[in-house]
Amino acid sequence: MSTFMFGGSGLELDIAGRAHGPLSRGDVVQINPLVTATADGYTTQNVDALNSGLSQVSLYGVVLGSNAKNTFAVGEDILIRIVGIVDVAMSGATTIGNTVGLTPGANNLTDTGGTAFQADAAASRVVGAAHTATVGAGIATCWFNGLAWG
């Protein structure tokens, strides 16, 4: 369950979801905002084109896991961190204090080198700040805000 505390980075928001494909702890997913027979607003999907209308209203999150359970099969219930400190998969080297962003089609974040908001967010949308460094692809601790609008 979420621990919702007032003030600063104490905010954490976790929601339930359903894996759209094989997922691992730290994977970044988008909640599918469409409600159809197969998509119910609960199922995840890969990060879509970031400048599309549906992507601009969707939530983004990081798949949570534990030492005992860190991989999830298609259709399995998962817990997703929408806002807060989280261990997240990075596509490459990460520098402490740099911003990190979503990339369409990827299930990890990219170090954006500290860049700010981009008017055309088709290529990358800033959603957090790195708290730990990596020398290549791997897991880094980040402040993540999956409610960020791009």
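If you check V29, V74, V62 for being of a type in the set (A, V, I, L, M, F, W, C) and touching a Lys or Arg at 6+ places or on another chain (Cβ under 8 Å), only one passes: V62. Among the candidates N108, N98, the residue that is polar (S, T, N, Q), touching a residue at least 12 places away in the same chain (Cβ under 8 Å) and under 15 Å from G26 (Cβ atoms) is uniquely N108.
Laboratory data are not the source of any read-out in this text; all were calculated from the coordinates shown. As the structure is a computational prediction, the values presented were derived from the model and not from experiment. Every residue, glycine as well, gets a Cβ built from its backbone with ideal geometry; the counts of neighbours run over all protein chains shown.
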